[in-house]
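Below is one structure, written out as structure tokens; comments come after it.
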Amino acid sequence: MTTFDQHGQRVFGAQINADNVHINKSDGPQQLMAYGRRAVAERLYKRAAEYFTEAIAKGAKGADPHYYLALALLGGRRPSRMGREAQQVMARVEEHLGRALQIDPAAAHVRALWVAVKRDHYADRHDPGPSVADIEAGAGDIDPVHAAEIAPFLGNRENRLWQATVAVAQAGIEERKPNVRKYFVRTPVPPATGGAQAMMVAGGIGLALALILVLASLSESGYLCLAVLVGVGGLVLLVKGYGQYNALTSTYERDLAAAEPKPSDEQMDVWLHFDKFGVLDHALRHLDRELDDLICEPQLVIGPASPTEQAVGKDGIRRFSRYKFVILLLGQTRISVFSCEWDFVKCIVSNADAFDFRYKDITGLRMRQLHEATHGSRLVMTGDDGKEMEVRFAKIFEMIIAGTDRIAVTIDVQAQNAGAGLQPTGATATERLVRRQLDDAA
């Protein structure tokens, strides 16, 4: 698999709330691209388009600024689901995809996205631009990260690109498990071996002195008893010191092997990125839904599951060993939901549930701020020091159906690392989209 980020910009690791960051004159193109890609990860496409437009205006290099701007302009919707604005949006999307290919004709992900939206939009109408065949002719291998970005614009899960992305998501799971485990284990501090080493040195000196006394006893017999006493004492100190030193270093080496080498923050995000895609594929199959059935891309809300381990990366982002996934598949009149808990270390789905309901059955939708945790709203975390702690929720995404059923995901927590950021949760975009559908259905 190719590198996660070829331009040194973190897709998921920027410690920002993409919806609340305002563009400053001092922001350079790389910073703006990082903000924009974070906004895409949160599905805040309007905001993302602003970042990418400004990044291009400030001279952002390569094809990706135009590719991501096109992705943001699509807003997670296939052109066939846009209604009357489809033609106008497609004109802008094709303009930027064309500019991206002018900059980098070998950009396979640009070609793949262009082909996907062309097939969707021009299925039953005249295509005035370059043909799908011409665009596909120059396509090469697609970075799997980009493939996952393009997959929602495909018609169904049997598409070759979708299947290839699923294969990447499933590949290497067994090999990665011990590496993910290490991320949540605190790196041990080298032991203080000075006392043990001092005992070994003292023991060695004692044995050397005993040898001298033995040699001296050859001419003076009175030294022999003293030599034995000094020698025994030196041997005891040497053996005891070595035992302590060996125990300390063996424990340290064992603990170090369990904690290092850790995967990078970016690699952890790549693995989670593909885990989310794999669970999405599972959800679609479980619910027997196709992308053609949906009005927009699947909506994923993600947060920590309880109990979980946590670790704060070098980028200041808090990551968890267990997550709760809620996937909402929005149709014209109904929503299908798949929820589960995902063990990020063991790669196991648990507590899975699937159901669907009508929009009019939604009686409550909110992101609730909690200052004190209520019964059933507590999260137990294990820090990298191995100690469990119970933390209060700071914010919960919550949907009430028919007044009784409740979908809830923790999207922010108050923990001991108060300054740590969270990975994208998708909650804000999901809430806005569902509210818009409720307004349209009213």
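Every number in this text was worked out from the coordinates using simple rules, so none of it is lab data. Source: prediction; values computed, not measured. Cβ atoms come from the backbone with ideal geometry, glycine included; neighbour counts cover every protein chain shown.
Which angle from 0 to 90°, rounded to the nearest 10, does the C-alpha axis of helix 108-121 make with the longest principal axis of the chain?
Approximately 30 degrees, to the nearest 10.
Based on Cβ point charges of +1 for Lys and Arg and -1 for Asp and Glu, what charge dipole magnitude is obtained for the range 158-197 about its Cα centre, in debye rounded to the nearest 20?
The calculation lands at about 160 debye.
By how many nm would the segment from Ser80 to Arg186 lengthen if fully extended, with 0.36 nm per residue of separation less the alpha-carbon distance?
Result: 33.2 nm gained on full extension.
At a Förster radius of 35 Å, what calculated FRET efficiency corresponds to the Cβ-Cβ distance of Arg435 and Asn179, to the nearest 0.05?
0.30
How high is the FRET efficiency from Ile400 to Val349, r the C-beta distance, R0 41 Å, rounded to 0.05?
Efficiency, from the Cβ-Cβ distance: 0.95.
Explain nothing, just the number: dipole magnitude of the chain about its Cα centre with +1 on each Lys and Arg Cβ and -1 on each Asp and Glu Cβ, in debye rounded to the nearest 20.
With only Lys, Arg, Asp and Glu charged at Cβ, the dipole is about 700 debye.
Nearest 0.05, what FRET efficiency do Gln197 and Ala258 give at R0 = 22 Å with Cβ-Cβ as r?
So the FRET efficiency works out to roughly 0.30.
Where does the chain land at 222 nm, in deg cm²/dmol rounded to the nearest 500, when only DSSP H runs of n ≥ 4 count, each adding -39500 (n - 2.57), divided by all residues?
Value at 222 nm, helices only: -15000 deg cm²/dmol.
Expressed as a rounded percentage, what relative contact order does the chain have, with Cα pairs under 8 Å and six or more residues apart?
It rounds to 14 percent for the chain.
What ranking do Val110, Val345 get, fewest neighbouring Cβ atoms within 10 angstrom at the top?
Val345, Val110
Mind checking which lysines have their C-alpha under 19 Å from Lys346, skipping anything on the same chain fewer than 8 residues away?
Filter leaves Lys177, Lys182, Lys262, Lys276, Lys324.
Round to the nearest 10 and give me the degree value, 0 to 90, for the angle of helix 29-41's Cα axis relative to the longest principal axis of the chain.
It works out to around 80 degrees.
Angle, helix 265-287 long axis vs. longest principal axis of the chain, Cα atoms, 0 to 90°, nearest 10?
It is inclined by approximately 50 degrees.
Of all DSSP beta bridges in the chain, what percent run antiparallel (nearest 5)?
Taking every DSSP beta bridge with both residues in the chain, the antiparallel ones total about 90 percent.
Quick check: pseudo-label points 7 Å beyond the Cα along Cα→Cβ at Ala164 and Phe357, how many nm apart are they?
So the two model labels end up 4.0 nm from each other.
For a quick check, take a GNM of the chain with Cα springs below 10 Å and name the residue from Ser26, Ser350, Ser321 with the largest mean-square fluctuation.
Maximum fluctuation in the GNM of the chain, among the listed residues, is at Ser26.
Taking the alpha-carbon distance from Lys61 and a cut-off under 19 Å, which lysines remain once sequence neighbours fewer than 8 residues away in the same chain are dropped?
Cross-link targets: Lys25.
Less than 13 Å apart at the alpha-carbon level, and either on another chain or at least 8 residues along: which aspartates and glutamates does that give for Lys360?
Within the straight-line cut-off, Lys360 pairs with Asp439, Asp440.
In nm, what is the difference between 0.36 nm times the number of residues separating Lys46 and Ser219 and their Cα-Cα distance?
52.5 nm
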